[in-house]
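Just below is one structure, and these are the notes that go with it.
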Amino acid sequence: MRINKYIAQAGVASRRKADELVANGNVKVNGLTLKEAGYDVVQGDVVEVNGRRIEPEDKKVYILLHKPVGYVTTVSDDKDRPTVMDLVRDVDARIFPVGRLDYNTSGMLIMTNDGDFAYRLTHPKHEMPKTYRARVAGVLSDEKCAKLRKGVDIGGFVTSKAKVQIIRGVQRQTVVDITIHEGKNRQVRKMFKVIGNPVQELSRIAIGEIKLGRLSEGHYRKLTREEIEHLRSC
Ligand code: URA
């Protein structure tokens with residue numbers, strides 16, 4: 001981690017002030033006054049500011065990101081595609097995505113450095129409801145909606161009860177909200193494919209009671225304390 005970020009995470013100063021501290025010779029690493037502002041702190045380094053040893057606090061951070069299409073939900077990508085980490089570069093904590101959205105799916109993604117919280121949220125036993133808005137090809141008949149609500153076989157797995165609400169029909173397409181309780185790989189796309197209405201656009205618009213709202217694509221905000229508690233209680 002960059003020295004200025006390390007100092008900021010220790011709660012000593014902002015990143016900009018941290019740069020000044022380095023420039024003024026107030027920072028030592030392993031007993032030696034630091035000369036480079038771009039120094040990357042490695043594990044085992046002892047960092048001192050004005051003679052006092054510092055360590056970054058592991059302050060818990062909870063972020064709601066509006067993931068755009070075209071980003072992978074991983075910390076790094078071996079094909080060098082943009083990752084969601086590129087969108088949260090200025091967050092002073094080692095956060096990671098909770099769960100996953102496909103490369104071609106946009107919408108709400110929670111990111112945190114709280115491992116217990118992430119575990120609870122993704123554990124199947126908590127059955128956290130997630131709502132997606134899908135634009136699908138064709139018309140969704142009442143029979144098809146009933147099938148989705150009851151559960152469909154997506155290849156060796158029958159989905160549990162879902163909520164389905166048609167928002168509008170547009171020419172030969174339908175915009176529909178669907179709430180599911182599992183998180184199988186590409187589940188929503190598979191569900192609509194099985195009934196013959198392939199997904200053309202997909203966005204996650206809510207997790208539990210928390211809504212994506214008007215947050216613009218590529219932007220993030222902190223979850224409120226109430227939202228964090230809500231997700232913990234699900
Ligand atoms: N279901 C999908 O098909 N894709 C997602 O990204 C999330 C749910």
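Using Cα pairs under 8 angstrom and six or more residues apart, how large is the relative contact order of segment 113-234, in percent? Mind dumping the intermediate values first?
Details: 180 pairs, mean separation 39.5, N = 122.
Reported relative contact order: 32 percent.
Using a Gaussian network model of the chain whose springs link C-alpha atoms within less than 10 Å, name the residue from Thr73, Thr174, Thr224 with the highest mean-square fluctuation.
Thr224
Could you pull the Rg and Dmax for the chain, using just the Cα atoms, both in Å?
22.3, 73
What number, in percent, do you get for the relative contact order of the chain if the mean sequence gap of Cα pairs under 8 Å and at least 6 apart is divided by its residue count? Display every interim value, and only then the final one.
On the way: 437 pairs, mean separation 44.3, N = 234.
With pairs under 8 Å counted, the relative contact order is 19 percent.
In deg cm²/dmol, rounded to 500, what helix-only [θ] at 222 nm does the chain give when every DSSP H run of at least 4 residues adds -39500 (n - 2.57) and the total is split over its residues?
Rounded to the nearest 500, the figure is -6000 deg cm²/dmol.
So who's got an amide H within less than 5 Å of the one on Thr83, skipping anything under 5 residues away but keeping other chains? H placed 1.01 Å off N, in plane.
Here the answer is Val72, since their amide H atoms fall under 5 Å of that of Thr83.
Would you mind telling me the share, in percent, of accessible area of the chain contributed by carbon and sulfur at probe 1.4 angstrom?
Using a 1.4 Å probe with all protein chains present, the chain comes out at 47 percent carbon and sulfur.
Place +1 on the Cβ of every Lys and Arg and -1 on the Cβ of every Asp and Glu in segment 129-207, take the dipole about the Cα centre, and give the residue among Phe157, Ile195, Ala206 whose Cα lies farthest towards its positive end.
Positive-end residue among those listed: Ala206.
Jot down the per residue volume, in cubic angstrom and as a whole number, of the convex hull over the alpha-carbon atoms of segment 129-207.
Working: hull volume 6.0 nm³, N = 79.
Cα-based convex hull of segment 129-207, divided per residue, equals 75 Å³.
Out of segment 15-71, which trypsin sites (Lys or Arg not before Pro) are coil in DSSP terms and have no more than 13 other C-beta atoms within 10 Å? Walk me through the intermediate numbers first.
Numbers: sites: Arg15, Arg16, Lys17, Lys28, Lys35, Arg52, Arg53, Lys59, Lys60; in loops: Lys35, Lys59, Lys60.
Counting only loop positions with at most 13 other Cβ atoms within 10 Å, the trypsin sites (Lys or Arg not before Pro) in segment 15-71 are Lys35, Lys59.
What accessible area per residue, rounded to a whole number of Å², is obtained for the chain using a probe radius of 1.4 Å? Don't jump to the answer; show the numbers that get you there.
Numbers: 13360 Å² over 234 residues.
Ligands and nucleic acids excluded, the figure is 57 Å² per residue.
Excluding Glu209 itself, what net charge comes from residues whose Cβ is under 12 Å from its Cβ, given Lys and Arg +1 and Asp and Glu -1? Walk me through the intermediate numbers first.
Details: positive: Lys130, Lys211; negative: Glu226, Glu227, Glu229.
Spelling it out: positives minus negatives among the neighbours equals -1.
Subtract the Cα-Cα distance of Arg81 and Arg172 from 0.36 nm times their separation in residues, and report this length gain in nm to one decimal. All intermediate terms of the calculation are to be shown ahead of the outcome.
Numbers: separation 91, 0.36 × 91 = 32.76 nm, distance 3.28 nm.
My answer for the length gained is 29.5 nm.
Just report the Cα centroid separation between segment 101-145 and segment 66-100, whole Å.
Segment 101-145 and segment 66-100 have Cα centres separated by 17 Å.
The values are calculated or read from the model by the stated rules, or taken from the named source; none is laboratory data. In this text, all values refer to a predicted model and were calculated from it rather than measured experimentally. A quick note on method: Cβ atoms are made from the backbone with ideal geometry, for glycine too, and the neighbour counts reach across all protein chains shown. For the accessible areas, the whole protein counts, side chains as well, though only heavy atoms, and no ligand, DNA or RNA atoms are used. Shrake-Rupley method; radii C 1.70, N 1.55, O 1.52, S 1.80 Å.
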